[in-house]
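S.K.: After the structure tokens below, expect a handful of questions from me.
The values are calculated or read from the model by the stated rules, or taken from the named source; none is laboratory data. Computed from a prediction, not measured in an experiment: that's the story for all the values here. Here the Cβ is made from the backbone with ideal geometry for all residues, glycine too, and neighbour counts use every protein chain on show.
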Amino acid sequence: MGRRSLDTIFAALGSFLLVYITLPITSMILLQAGDLGSLESTLRDPEVISALENSVITATVTALLAIVLGVPLGYVLARKEFRGKDLVQGMVDVPIVIPHSVVGIALLTTFSSSILDNYLGIIAAMLFVSASFTVNAARDRFASIDERLEHVARTLGASKWRTFTTVTFPLSLPAILSGAIMTWARAISEVGALLVVAYYPKTAQILVLDYFEEFGLSASRPVAVLLVLMSLSVFVALRWSLARGSEGR
Amino acid sequence: MGRRSLDTIFAALGSFLLVYITLPITSMILLQAGDLGSLESTLRDPEVISALENSVITATVTALLAIVLGVPLGYVLARKEFRGKDLVQGMVDVPIVIPHSVVGIALLTTFSSSILDNYLGIIAAMLFVSASFTVNAARDRFASIDERLEHVARTLGASKWRTFTTVTFPLSLPAILSGAIMTWARAISEVGALLVVAYYPKTAQILVLDYFEEFGLSASRPVAVLLVLMSLSVFVALRWSLARGSEGR
Amino acid sequence: MLEVQRVGKRWKEFELRDVSFRIERREYFVLVGPSGAGKTLLLEIIAGIRRPDEGRIVIGGKDVTDLPPEERGVSYVPQSYALFPHMSVLDNITYGLRIRGMSRSEAEKKATGLVRTLGIEHLLNRKPHCISAGEQQRVALARALVVEPILILLDEPFANLDMRIKSRLMSEMKRWREELGFTALHVTHSFEEVMVLGDKLGVLLHGRLRRWGKIGDVISDPGDEDVAKFLGYENVLEGMAEDGCLRVGELNVILPFTVSGKVRVCFRPEDVLLSVERIDSSARNQFKGRITEMEDLGPLFRITVDLDNDIVVRSYVTKASVLEMGLREGSKVYVSIKASSLKVF
Amino acid sequence: MLEVQRVGKRWKEFELRDVSFRIERREYFVLVGPSGAGKTLLLEIIAGIRRPDEGRIVIGGKDVTDLPPEERGVSYVPQSYALFPHMSVLDNITYGLRIRGMSRSEAEKKATGLVRTLGIEHLLNRKPHCISAGEQQRVALARALVVEPILILLDEPFANLDMRIKSRLMSEMKRWREELGFTALHVTHSFEEVMVLGDKLGVLLHGRLRRWGKIGDVISDPGDEDVAKFLGYENVLEGMAEDGCLRVGELNVILPFTVSGKVRVCFRPEDVLLSVERIDSSARNQFKGRITEMEDLGPLFRITVDLDNDIVVRSYVTKASVLEMGLREGSKVYVSIKASSLKVF
């Protein structure tokens, strides 16, 4: 009869994809673990350190900008009804589908040399491709908050502002931070748009490419491993805090 | 009192982000619309045509692979309880946070020359960064299907397989296709990993970069506009069919 | 037909313990219990959707505990009906036949009679979300019955319907049941459904089947207080109605409405008036009897009166009345029941 | 205190039309209606959360129709209470005081008395999801009352509680209300809450306030059939209870339980027995009266009997009984009510 065959085949197909996703990352890390010397010397390379710094600083600024600009947009999308709301929601998601090199061309076409090869350019490219994570996270959370909490606060004497700052925002903060961390991770993963807009100041994700092209695979690997460990630890911390947060409810 | 100030400020901040996202794309397209001649000659450039073909073919193969491998995984994640399920779900989302150049390094480290500069390499890189869209879309849809539909089918004589093929899969197909289209769009947007794994055969997103570096901004713009129009039309079609689908319920 | 043998199961917040009962061929068994009692879980175990932790399920003499749902010959109609939303009503109904390899035209032919009986011919080309809840219920019933199951499981089939449709569909269900002669296990929390439809009654409280048997037997002897409390209606008479009168043995009970055929009549103990002498009042039903039991409930007495022919009626009477009338076990009394307080099923 | 003047509003599937009523200071107004009647929408309009399409809201003599919620002085307790999940119970209660600029310690001092009255001292440091539904209700009430609102709006405050807690909390609410003397508008679909708590009653059906006024007035004269049907209990007596007896004017009604103080007693028309002669039965309450109205309801008559002192009792009697006893308007009859069928509030 083979009535468990569906489960078995699905588990097999699903496992294939899982292995495909995890194998490259782990094998790269494990390979590097066998060569701690080069990892250590990479960590002493001032070019690498400065590139990592550039990556972290620009991604962090991007995440903060995404909060300042994205949370209000998420609130409007969650709470207000207006004509063209679907269109606006569509526009928020557009950056996900634009080829990264095209993002760079479009930004450069629009803002020209003011963003060419400077920090502003890095942040501009990162914000474009990553802001939607924060907007969508904030929107989903705002939409899930019982509006009656806000109504009660209003009847108890709080203005719209006080209601937002004392009730809505504190309740949404964990979700907004999760979204911002996704924005951070997406920002630090960007390469294609940076190649066009801001090859310099050099970020770590560009440096990986640089080393690969100049010195080959094994030279680029230590930087790649450092970068992936950083991204993964942020990601794991995010998952963990999310899981804890949902337990607390 | 300014009791509408919250709404006003939020609308202003939100609009800023919207403008920031839409302005570069539209201004690039509009600028190109003023120069239809170069767009036309670009469309006759055999290198461009072959690059566009390469992009579309590899992204399509990637989307199909994502369906074959991702749908079973989505089903298992939606329907089964097992130890380490959270971990598996986390692994599915890992590619979103890995810097794209690192993805290329990791893939090349693992599969070495077998994926270097060939179609397989392009698809390998694309699948890695984009499969999670299909997996998550399938999982969410499967999870939202009332299990009692499956129970009824079983009691009416359908095996697990027949239940999946006659009830679960047809009901999920629109959502799975949406996920696959997101996978397609994400695949065609990838640049960083391709630069490492498969600069050749040249895809359109790489060609944009190529033209930019060799001939400058204005030379790369026509290809960028073609690519963005292609991505956007797919994205708009997706949104539209999604909206229609949810009306039908 | 169906034998449930000492079934136990923990699942989520539900727990079944040591559940055993039998349903005979063509019987309509109604299982009542409050929400959370584990009724749906029990149906799912019988259907084969979940495995019991212990106990056996025997259907048509065959132990099916280890068989998957598709090999049990049991149809299942979940609450809210679970019609396949991507199929037309007709494709829903013929699904079970087509899955067995029957051709579409053959399957449609086979469904014709049932579709006509259930009065859903005009819906066949519609999608399930375009028909009303009452119509959905009939379609789900057709889909379940067309495969000629050994047993049909009905989970709260009337819960999604509003009051007016509900009572109409209940009497139609009674008619279909007589016409089609299926064997059913119907779970509900509504006592009304028991009275209208049931042959047998089971009472499931906190995961245990506290009492089961013929409806009259269970109601007149609930076994323990929880069951009695849950059942509420303590007086049930069953007989043949004609011309606004119900014949129960040698008694003639006057009814508030004109009904005919086999009916059941319920009334609450507080609607029963006791008197020492025959009284002349608006209570149309007055019978002689003898007090066989007096139970002290605090401010009230629960008094059991035996009429002729083993018919037993219970009444709540205040302490002061008991003293004043000098009632005690063995006293001869008149029992008056206002026709307007009778509930007829 | 509160005047609602010809308020109309369409919102989603709800619609209010031409709703007008008044609540006086320290009154407890209960608005009943089936679900979907627009009760919550009306509360939201009074609270200032939604603007009416037409009509005015006047609170304490001031037209507040154009004021935002924070400037109305009306507290709102939504269904399920909407406690702030990220604040402790104490912070929930003092929220309204702190938002007005009161220091934390001052606010906590101010809340002390109310917290004690409501019996929630032991919960102050807990989070709302760690306390029971009944406790949540009290915390929500404290949060709403501590700001000394002109009016408190209660949306189905007992809907989330199970039966046993519900009746206890209802009588506590009655006590708090007497102790704290607040003015309340309470919406519900449960008639029991009206009887226990209300001074005035409004009946909202399909978005229209069909009838409002003192409870006894509304029930004894529902105005139209829909309201009467919705109210169900057609007989209400109100008086002072002592030693198991209720004095209503010059009548003495014997009660099934020992209660004392001002109470209301309800009973259904089908529990009222009419007779031409005084009868000797277990019905303890027997009064003389005169039939003033006979209404033909098909198989039954609805008969209105005037006892002494304007007390009116309604009874359902079958046609056959009416003929047999020769009842007509003006007939003198005895009315018997079994004490055990009385519902005391």
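S.K.: Taking the stated definitions as given, is D:SER275 under 21 Å from D:VAL344 (Cα atoms), buried (at least 20 other Cβ atoms within 10 Å of the Cβ) and within 9 Å of chain C (Cβ to nearest Cβ)?
M.R.: Taking the combined requirement at face value, the residue does not satisfy it.
S.K.: I need a count of the residues in region A:61-78 that are surrounded by fewer than 24 Cβ atoms within 10 Å (Cβ to Cβ) and either in contact (Cβ under 8 Å) with a residue 24 or more places away in the chain or more than 11 Å from chain B (Cβ to nearest Cβ) (or both).
M.R.: Total satisfying the criteria: 7.
S.K.: Just checking, which of C:VAL19, C:VAL64, C:VAL89 is within 24 Å of C:GLU179 (Cα to Cα) and touching a residue at least 12 places away in the same chain (Cβ under 8 Å)?
M.R.: After ruling out the rest, the residue left standing is C:VAL89.
S.K.: How many residues, within region D:172-202, are under 20 Å from D:VAL263 (Cα atoms), of a type in the set (Phe, Trp, Tyr) and more than 8 Å from the chain's Cα centre (by Cα)?
M.R.: 1
S.K.: Moving to a separate point now. Restricting attention to region D:327-345, which residues are farther than 14 Å from D:CYS266 by Cβ and among the charged types (D, E, K, R)?
M.R.: Selection gives D:ARG328, D:GLU329, D:LYS332.
S.K.: Oh, and also: Specify the residue that is surrounded by the most Cβ atoms within 10 Å (Cβ to Cβ); the eligible residues are those in region B:189-240 that are without any contact (Cβ under 8 Å) to a residue 12 or more places away in the chain and within 7 Å of another protein chain (Cβ to nearest Cβ).
M.R.: The qualifying residue surrounded by the most Cβ atoms within 10 Å (Cβ to Cβ) is B:PHE212.
S.K.: Moving on. Name the pairs whose Cβ atoms lie under 6 Å apart, with the first residue in region C:1-13 and outside any loop (DSSP other than H, G, I, E, B), the second of a type in the set (Phe, Trp, Tyr), and 6 or more positions between them or separate chains?
M.R.: From region C:1-13, the pairs are C:VAL4/C:PHE21.
S.K.: Out of region A:42-55, which residues are in contact (Cβ under 8 Å) with a residue 24 or more places away in the chain and more than 22 Å from the chain's Cα centre (by Cα)?
M.R.: The answer is A:THR42, A:LEU43, A:GLU47.
S.K.: Of everything in region D:294-308, what is outside any loop (DSSP other than H, G, I, E, B), at pLDDT 85 or above and aliphatic (A, V, I, L, M)? Give them in sequence order.
M.R.: D:MET294, D:ILE303, D:VAL305
S.K.: Restricting attention to region D:213-222, which residues are surrounded by fewer than 22 Cβ atoms within 10 Å (Cβ to Cβ) and in contact with a helix residue (DSSP H, G or I) (Cβ under 8 Å, 6 or more places away or on another chain)?
M.R.: Selection gives D:ILE215, D:PRO222.
S.K.: I'd like the full set of residues that are of a type in the set (D, E, K, R) and under 18 Å from A:LEU108 (Cβ atoms), limited to region B:24-50.
M.R.: If the condition is that a residue be of a type in the set (D, E, K, R) and under 18 Å from A:LEU108 (Cβ atoms), then B:ASP35 is the only one that fits.
S.K.: Here's something else I'd like to know. Name the residues in region D:192-212 that are outside any strand (DSSP E or B) and buried (at least 19 other Cβ atoms within 10 Å of the Cβ), would you?
M.R.: Within region D:192-212, D:GLU193, D:VAL194, D:MET195, D:LEU197, D:GLY198, D:GLY207 meet the criteria.
S.K.: Within region B:153-208, work out how many residues are among the polar types (S, T, N, Q) and within 30 Å of B:LEU227 (Cα to Cα).
M.R.: Looking only at that region, the number is 6.
For (1) more than 11 Å from every other protein chain (Cβ to nearest Cβ); (2) assigned to a loop (DSSP other than H, G, I, E, B), each residue gets a yes or a no:
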{"position": "D:LEU246", "(1), (2)": "yes, no"}
{"position": "D:VAL259", "(1), (2)": "no, yes"}
{"position": "D:ARG290", "(1), (2)": "yes, no"}
{"position": "D:ASP310", "(1), (2)": "yes, yes"}
{"position": "D:VAL317", "(1), (2)": "no, no"}
{"position": "D:TYR334", "(1), (2)": "no, no"}
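S.K.: With respect to D:ASN252, is the statement that it is more than 10 Å from chain C (Cβ to nearest Cβ), in contact (Cβ under 8 Å) with a residue 60 or more places away in the chain and among the polar types (S, T, N, Q) true?
M.R.: No, not satisfied.
S.K.: Please determine whether any residue of region A:138-151 is over 21 Å from A:LYS85 (Cα atoms), buried (at least 24 other Cβ atoms within 10 Å of the Cβ) and at pLDDT 95 or above.
M.R.: Scanning region A:138-151 turns up no residue that is over 21 Å from A:LYS85 (Cα atoms), buried (at least 24 other Cβ atoms within 10 Å of the Cβ) and at pLDDT 95 or above.
S.K.: Right, something else. Can you say whether B:VAL152 is among the hydrophobic types (A, V, I, L, M, F, W, C), assigned to a helix (DSSP H, G or I) and either within 12 Å of chain A (Cβ to nearest Cβ) or under 15 Å from B:VAL196 (Cβ atoms) (or both), as far as the supplied structure shows?
M.R.: No: the conditions fail for B:VAL152.
S.K.: Still on this structure, I have one more. Tell me which of these B:LYS160 doesn't satisfy, since it passes every other one: (1) among the basic types (Lys, Arg); (2) crowded, with 21+ Cβ neighbours inside 10 Å; (3) within 28 Å of B:GLU47 (Cα to Cα).
M.R.: Result: B:LYS160 passes all but (3).
S.K.: Can you tell me how many residues within region B:110-136 are surrounded by fewer than 24 Cβ atoms within 10 Å (Cβ to Cβ), of a type in the set (Val, Ile, Thr) and within 8 Å of another protein chain (Cβ to nearest Cβ)?
M.R.: Qualifying residue count for the region: 1.
S.K.: Say we look at region C:14-69 and pick out the residues that are closer than 21 Å to C:LEU197 by Cα and acidic (Asp, Glu); which of these is surrounded by the most Cβ atoms within 10 Å (Cβ to Cβ)?
M.R.: Checked region C:14-69; the qualifying residue surrounded by the most Cβ atoms within 10 Å (Cβ to Cβ) is C:GLU27.
S.K.: Sort out which residues of region C:38-72 are under 18 Å from C:ALA140 (Cβ atoms) and among the small types (Gly, Ala, Ser), and write them in order of number.
M.R.: If the condition is that a residue be under 18 Å from C:ALA140 (Cβ atoms) and among the small types (Gly, Ala, Ser), then C:ALA47 is the only one that fits.
S.K.: Next up: Which residue pairs have Cβ atoms closer than 9 Å, lie 6 or more positions apart in sequence or on different chains, and pair a first residue in region C:169-188 that is assigned to a strand (DSSP E or B) with a second residue that is among the aromatic types (Phe, Trp, Tyr) and modelled with pLDDT of 85 or more?
M.R.: C:ALA184/C:TYR28; C:ALA184/C:PHE29; C:LEU185/C:TYR28; C:LEU185/C:PHE29; C:HIS186/C:TYR28; C:HIS186/C:PHE29; C:THR188/C:PHE158
S.K.: Across region A:1-60, what is the total count of residues that are of a type in the set (Asp, Glu), touching a Lys or Arg at 6+ places or on another chain (Cβ under 8 Å) and more than 8 Å from chain B (Cβ to nearest Cβ)?
M.R.: 1
S.K.: Can you tell me which of B:ASP7, B:ASP45, B:ASP93 is of a type in the set (Asp, Glu) and farther than 30 Å from A:THR134 by Cα?
M.R.: One residue alone meets the criteria, B:ASP45.
S.K.: With the condition being modelled with pLDDT of 95 or more and at the interface with chain A (Cβ under 10 Å from one of its Cβ atoms), I'd like the helices (runs of 4 or more DSSP H) fully within region D:34-153 carrying at least 2 qualifying residues.
M.R.: Answer list for region D:34-153: D:39-47, D:89-99, D:133-145.
S.K.: Which residues, counting only those in region D:260-307, are small (Gly, Ala, Ser), closer than 25 Å to D:GLU242 by Cα and touching a residue at least 24 places away in the same chain (Cβ under 8 Å)?
M.R.: D:SER281, D:SER282, D:ALA283, D:GLY289
S.K.: Restricted to region D:80-134, and to residues that are aliphatic (A, V, I, L, M) and in contact with a Pro (Cβ under 7 Å, 6 or more places away or on another chain), which residue is surrounded by the fewest Cβ atoms within 10 Å (Cβ to Cβ)?
M.R.: Applying the filter and picking the extreme gives D:LEU83.
S.K.: May I pose another question? Condition check: among the small types (Gly, Ala, Ser) and either assigned to a helix (DSSP H, G or I) or within 13 Å of chain C (Cβ to nearest Cβ) (or both). Does D:ALA283 satisfy that?
M.R.: So D:ALA283 fits the description; yes.
S.K.: Taking region C:232-242, which residues are surrounded by fewer than 21 Cβ atoms within 10 Å (Cβ to Cβ) and modelled with pLDDT under 80?
M.R.: C:GLY232, C:TYR233
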